[in-house]
1. Inspect all residues belonging to region 310-332 and state whether any of them is touching a Gly at 6+ places or on another chain (Cβ under 8 Å), assigned to a helix (DSSP H, G or I), at pLDDT 80 or above and open to solvent by 90 Å² or more (accessible area, probe 1.4 Å).
2. Looking only at region 30-40, filter to residues that are farther than 10 Å from Trp202 by Cα, touching a residue at least 40 places away in the same chain (Cβ under 8 Å) and in a helix (DSSP H, G or I); which one of those is least open to solvent (accessible area, probe 1.4 Å)?
3. So, Glu134, is that one part of a helix (DSSP H, G or I) and closer than 21 Å to Met49 by Cβ or not?
4. Specify which of the listed residues (Ser209, Ser241) is of a type in the set (S, T, N, Q), out of contact with any Ser or Thr (no Cβ under 8 Å at 6 or more places or on another chain) and at pLDDT 90 or above.
5. Would you pick out the residues in region 176-226 that are among the aliphatic types (A, V, I, L, M) and farther than 29 Å from Asn297 by Cα?
6. Report yes if Gly354 is of a type in the set (Gly, Ala, Ser), modelled with pLDDT under 85 and under 16 Å from Ala239 (Cα atoms), otherwise no.
7. Check region 137-147 and report whether any residue there is open to solvent by 60 Å² or more (accessible area, probe 1.4 Å) and either among the acidic types (Asp, Glu) or closer than 22 Å to Glu51 by Cβ (or both).
8. All but one of (1) part of a helix (DSSP H, G or I); (2) touching a Phe, Trp or Tyr at 6+ places or on another chain (Cβ under 7 Å); (3) modelled with pLDDT under 90 hold for Ser99, so report the exception by its number.
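The values are calculated or read from the model by the stated rules, or taken from the named source; none is laboratory data. This is a predicted model, so every value here is computed, not measured. Backbone-built Cβ (ideal geometry, glycine too); neighbour counts: all protein chains shown. Note: areas computed on protein heavy atoms with side chains; ligands, DNA, RNA excluded. Shrake-Rupley method; radii C 1.70, N 1.55, O 1.52, S 1.80 Å.
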Amino acid sequence: MFNNLAIDVALGLIFIYLLYSLLASVVQELIARIFNSRARLLTKGLRRMLEEDDHSTDLGWFGKFTFFNWFYELGWSVVYFFEPFRKNPFLKKFYSMPSIHSLGENSATSRPAYISPQIFSQTMIHLLRGSVPEHKGNDAQAIKAALTHNYLHLVPDTHEHLLQLFEDAGHNIAAFRVNMESWFNETMTRTSGWYRKQTQTWLLCIGISIAALFNVDSIAIARILMKDKNVRSQLVQLAASRGPGYTAITDTLIRKNVLHKDSAFFRADTSIRIFVTDTSLIGVYAMLHNDAGDAANVLGISRACIPDTSGGRLTVRCGYTHPFQQNGWLVFAGWCITALAISLGAPFWFDLLGKVIKFRTTTPPPADNTATTQ
């Protein structure tokens, strides 16, 4: 068997990163549910479609620089968090339609987190048709009049785009709906990318918090695994025994193209996978928290308060108990490495763990000692 120091150290580190990546994913999902992140992202995507959502011109010359734009957009995100329809009258009207409003779960999460392309196009048709009551019974004429005269007061870009889609459809309602659904799908694809970036940022922030809270110092852990054979073997055993139990959790994270009732789009990535119920999330969190405690006990790294009587009187000193964690800067660097590893996502580490275990347990081919003769 390939059972050497480097492989066992790598296996131990990968298991630690997998464990805390799963923990971070559960925490991130709980936060997303508390703040209804998917519904807010869907609203952002629809705002980009139906309203004027480009604030770069507000900054004038400074709007040419990504740095200033990023902070300005961050400020608008805070504004939209509390006032999602601020200066967006058409978007508010869109969400007030029965076909959209009825999709919300309750008053706390009144905005839906998923709208199908068919519902989007149907709602747009209802809005356009309803703005011209004098053409009742002739949908094509009503929509043409609504778009030509802009009775809904659409912003210029949206108005022009819808008018062009209607012309492309040859004034055919069915073809017009197909065009709007394609437009919606393209925007939701971009929205999926926004969610991935947002989740990546959340995982990085949660990762540094978890690393500090659980004292997951990658540098110290690597040194411990290299120096202590007993700890190394215990952590390898822990990885072998607990790793298979994470299969169901990780499968939920990496399942492709699963459409869930509260998603804003088809989720084909690892960052936006969700579990079934809040109870399941809490149960998974409790299991992972216990495993994290077991791993910390094996490694022997912790923060504790130790009584000290060397100065002639009793004093309590609190800090890191392991000799490999005496340098505060190195400890912080170890936390940062852990946070970066966590941001890669649990599926990445789960896949890598399986490959390393398979390589470690593979028997090398027998050496060929047959002498060759000429």
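1. no
2. Looking at residues that are farther than 10 Å from Trp202 by Cα, touching a residue at least 40 places away in the same chain (Cβ under 8 Å) and in a helix (DSSP H, G or I), I get Ala39.
3. Criteria not met by Glu134.
4. Ser209
5. Val178, Met180, Met188 - these are the residues of region 176-226 that are among the aliphatic types (A, V, I, L, M) and farther than 29 Å from Asn297 by Cα.
6. Details: of a type in the set (Gly, Ala, Ser): yes; modelled with pLDDT under 85: yes; under 16 Å from Ala239 (Cα atoms): yes.
Yes.
7. Within region 137-147, none of the residues are open to solvent by 60 Å² or more (accessible area, probe 1.4 Å) and either among the acidic types (Asp, Glu) or closer than 22 Å to Glu51 by Cβ (or both).
8. All conditions pass for Ser99, except number (2).
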